[in-house]
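Here the structure comes first, spelled out in structure tokens, and everything after it is commentary.
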Amino acid sequence: MSIWRYASRFLELPAEHRITLGEGETPLVRSRHIGPAAGLSSLYFKLEGMNPTGSYKDRFAAAGVGDMLRQSKRRCIATSSGNTGAALAAYCAAAGIVCEIAVVEPAPLAKLKQMMAYGAYIYKVRGFGIDPRITAETVEVLRRRSASPDAALQISAFVTSPVGMSGVQTISYELAEQMADGLDHVFVPAGGGGLTLALARGFEDASSRWRPRVHCVQPTGNDTIVSALCRGDEKARAVQSTTQISGLQVSSVLDGDMVIAACRRSGGTGHLVSDEQVWTMQSRLAKEEGIFCEPAAAVSVAAALQAFEAGQFAADARTCCIVTGVGFKDMPSVDLMARSECPILDVVDLGAE
């Protein structure tokens, strides 16, 4: 199991540089309850939380770190809201590369601990990921830090790390094999938009047998792309991020402009969902589908149901939601789902009828 079965089509790396921890070829499962309850007969979930570190970012890390090995780079400089950092920390550990990560201020503690467990050097930057000015300044500082010959900057966006993002593009190739009869719609969570762009570009590839409409989904508190896409604008816009959905707190544009163009080419559009909708859907996925995901991963499903209820696609449309990461990534959200206390019983109580 590895992305290299697909990535070798467009990323030429010698075998000795193709680092893998078993990422890719994640399950595609059909909704048993949420879809049918809403009237959707063909709703699917692509479970990216099944990757080695628990998110789709392992695809990015495998390709990006592999390319660093090819170039004999020994120091990875990165930014992260959590999942990118965990993935890079793990793959750098496997490759023997030093990993330094600047994390956004609201990054969940569980994600920080995961990075540290792999031996990464991490530091939070006040206002990073919230204030667009501070975010831009932080990235510029990291660009300078990564300018030495032994270092490489890894930010999960096409504008900064196109080789790493080519690994993410493999999701499209997998879906093309898993859905032999094709898909009509794919809903994708977006912070900076790199994942959405990777899906759209993958489906544009000549090897794809069909092209679904690719939809960009964001929380209302981080609307850098969606409103511009829906209005017909060509440019995304930086915002003051207010969402509490970790992983999607990306106040700068990054791949936003290219996402707008790519979604339009596919026939897709943009969708906004509230934080409350996301938390509700996260809980429903766990309790109704047995899918334990982080809040950012539930964004796509919340949007798909919202779009269907608004009459934007047919009940029999083959629809896939990208479920980006596992639930253990964000423990505060898990606490919200499990508000009731666990009772303490005596053995005699267990035997009572």
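So which residues in segment 98-123 are among the β-branched types (Val, Ile, Thr) and either part of a helix (DSSP H, G or I) or within 17 Å of the chain's Cα centre (by Cα) (or both)? Hits for segment 98-123 are Val103, Val104.
Test Phe308 against the criterion of being modelled with pLDDT of 95 or more, over 22 Å from the mean Cα position of the chain (by Cα) and assigned by TED's automatic domain parsing to the domain that holds Val239, and give yes or no. For Phe308, the condition - modelled with pLDDT of 95 or more, over 22 Å from the mean Cα position of the chain (by Cα) and assigned by TED's automatic domain parsing to the domain that holds Val239 - is met. For segment 214-236, the set of residues classified as hydrophobic (A, V, I, L, M, F, W, C) and in a helix (DSSP H, G or I) consists of Val226, Ala228, Leu229, Cys230, listed by residue number. Restricting attention to segment 252-261, the residues that are hydrophobic (A, V, I, L, M, F, W, C), buried (at least 23 other Cβ atoms within 10 Å of the Cβ) and at negative phi total 3.
Say we look at segment 132-151 and pick out the residues that are surrounded by 14 or more Cβ atoms within 10 Å (Cβ to Cβ) and hydroxyl-bearing (Ser, Thr, Tyr); which of these is farthest from Thr224 (Cα to Cα)? For segment 132-151, the residue satisfying everything is Ser146.
Residues that are in a strand (DSSP E or B) and charged (D, E, K, R) occur at least once in segment 61-81.
The residues in segment 237-263 that are of a type in the set (A, V, I, L, M, F, W, C), part of a loop (DSSP other than H, G, I, E, B) and either under 19 Å from the mean Cα position of the chain (by Cα) or more than 22 Å from Val104 (Cβ to Cβ) (or both) can be counted, and the count is 5. In a residue-by-residue description of segment 268-280, the property of being buried (at least 23 other Cβ atoms within 10 Å of the Cβ), part of a helix (DSSP H, G or I) and modelled with pLDDT of 95 or more applies to at least one position.
Only one of the numbered conditions (1) of a type outside the set (Phe, Trp, Tyr); (2) without any contact (Cβ under 8 Å) to a residue 60 or more places away in the chain; (3) surrounded by fewer than 24 Cβ atoms within 10 Å (Cβ to Cβ); (4) not in a loop (DSSP other than H, G, I, E, B) is not met by Arg211, and that is (4). Every condition in (1) β-branched (Val, Ile, Thr); (2) modelled with pLDDT under 95; (3) within 21 Å of Gly164 (Cα to Cα) holds for Ile245 except the one numbered (3). Checked against the criteria, Phe187 does not count as in contact (Cβ under 8 Å) with a residue 60 or more places away in the chain and out of contact with any strand residue (DSSP E or B) (no Cβ under 9 Å at 6 or more places or on another chain).
Can you tell me which residue among Phe292, Phe313, Phe308 is surrounded by fewer than 24 Cβ atoms within 10 Å (Cβ to Cβ), touching a residue at least 24 places away in the same chain (Cβ under 8 Å) and within 17 Å of Leu47 (Cβ to Cβ)? None of the other options fit; the residue is Phe292.
The values are calculated or read from the model by the stated rules, or taken from the named source; none is laboratory data. Keep in mind that what you see is a predicted model, and the values were worked out from it rather than measured. FYI the Cβ positions are ideal-geometry reconstructions off the backbone, even for glycines, and counts take in every protein chain you see.
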